[in-house]
Amino acid sequence: MPEVKLTAVDAVEVTIVMDLYLDLLMAGQEGVRRFPIAYDWFERDKLLAEHGFSALIRVTRNGETQSILYDAGLSPNALRHNLDVMDLDVTDMRAIVLSHGHADHHGGLEGLFQRYGRLRMPLVLHPDAFKDRMVDQSVLVSGQVERTTDYEKGFPLHQTRTQDGGWQPDPWIWDDQNAIVNVRDRGLVVVSGCSHAGAVNVLRNAQRLTGEQRILAFIGGLHLTGGLFEPIIPPTVADIQAMGLEQVVPAHCTGWRATHAIAHDMPNAFVQPSVGTTFRYERPPP
């Protein structure tokens, strides 16, 4: 597959709208802005956490900022609630992108449709033709991820329904896709819902698609929790570490063992996510 021309942007912000972890007292750091708490704890509604994932991606290029919603969490009301608390307007977004078809990534769409009715914006899903998709030439939706590692085997127990109503093995979860932004003179920011294709495959695929070898940051799930996936934590963490990312934000389905491994092996790159946190990456000053 030929490289995709992905226009470099001046800045990108990724806000965690929904995740399974929430810490209202967590400190921020340079480029990491935590959601502020009210002086009076009863002054306003609080953010919610659940076993789902959603992120708002804002890109700025030539002074113009546009945004997309990547994934929509699990339950109909939780995503809508968090958008309200953070004062984020869905109607200002250019598109909604779903990483894959599992309920903990699209369940919140029902709540959005209940409130707004028909949203006149693209809903980007995994296309049957496996073509790459792009939003305004600044956010690349990967399409089907090429599988190249010998240890990332997908989800062995996963099945999909056939046209005749039966079930068949579907370990590879081919509809798994991610969002890629190229920050000018710094490299790629990759946002992934579950990385069912394998986090290393996801990152290598981003490099291959764009031709940009520098990866600035990874944000999202690595799906390394549970007995099926914990054995591949060491090679996964080692390969990600070898890529030299500036920041790794393991969210959603990463699991505590993998999260601790990343924190231990990449202490300068690791950042703990929390619902409401915004990560900002900018081009270097002139």
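The values are calculated or read from the model by the stated rules, or taken from the named source; none is laboratory data. The structure presented is a predicted model; accordingly, all values stated were derived computationally and were not measured. Reconstructed Cβ throughout: ideal geometry from the backbone, glycine too, with neighbour counts over all protein chains shown.
Just a few scattered comments:
- Filter result for Gly187 (at pLDDT 95 or above, of a type in the set (Gly, Ala, Ser) and on the phi < 0 side of the Ramachandran plot): no
- Failed item in (1) modelled with pLDDT of 95 or more; (2) out of contact with any helix residue (DSSP H, G or I) (no Cβ under 8 Å at 6 or more places or on another chain); (3) of a type in the set (A, V, I, L, M, F, W, C), with Ile37 passing the rest: (1)
- None of Arg257, Arg204 is closer than 25 Å to Val139 by Cβ, of a type outside the set (A, V, I, L, M, F, W, C) and outside any loop (DSSP other than H, G, I, E, B) except Arg204.
- Total residues in the range 271-285, condition farther than 24 Å from Asn82 by Cβ and in contact (Cβ under 8 Å) with a residue 60 or more places away in the chain: 3
- Against the numbered list (1) part of a loop (DSSP other than H, G, I, E, B); (2) without any contact (Cβ under 8 Å) to a residue 60 or more places away in the chain, Ser67 comes up short only at (1).
- Wholly within the range 92-198, strands (runs of 3 or more DSSP E) carrying at least 2 residues that are surrounded by 15 or more Cβ atoms within 10 Å (Cβ to Cβ): 95-97, 133-135, 139-141, 178-183, 187-192
- Filtered by the rule that a residue be of a type in the set (A, V, I, L, M, F, W, C) and over 20 Å from the mean Cα position of the chain (by Cα), the range 5-39 gives Leu24, Leu25, Met26, Ala27, Ile37, Ala38.
- Each residue in the range 1-53 was checked for being under 18 Å from Tyr70 (Cβ atoms) and loosely packed, with under 15 Cβ neighbours inside 10 Å, and 1 of them qualify.
- Whichever residue in the range 220-270 is touching a residue at least 60 places away in the same chain (Cβ under 8 Å) and out of contact with any Gly (no Cβ under 9 Å at 6 or more places or on another chain) and, among such residues, is surrounded by the most Cβ atoms within 10 Å (Cβ to Cβ): Asp239
- Test: residue in the range 204-212 that is in contact (Cβ under 8 Å) with a residue 40 or more places away in the chain, surrounded by 18 or more Cβ atoms within 10 Å (Cβ to Cβ) and within 20 Å of Tyr21 (Cα to Cα): no
- On the stretch given as the range 228-253, residues that are closer than 18 Å to Pro171 by Cα, part of a helix (DSSP H, G or I) and hydrophobic (A, V, I, L, M, F, W, C) total 1.
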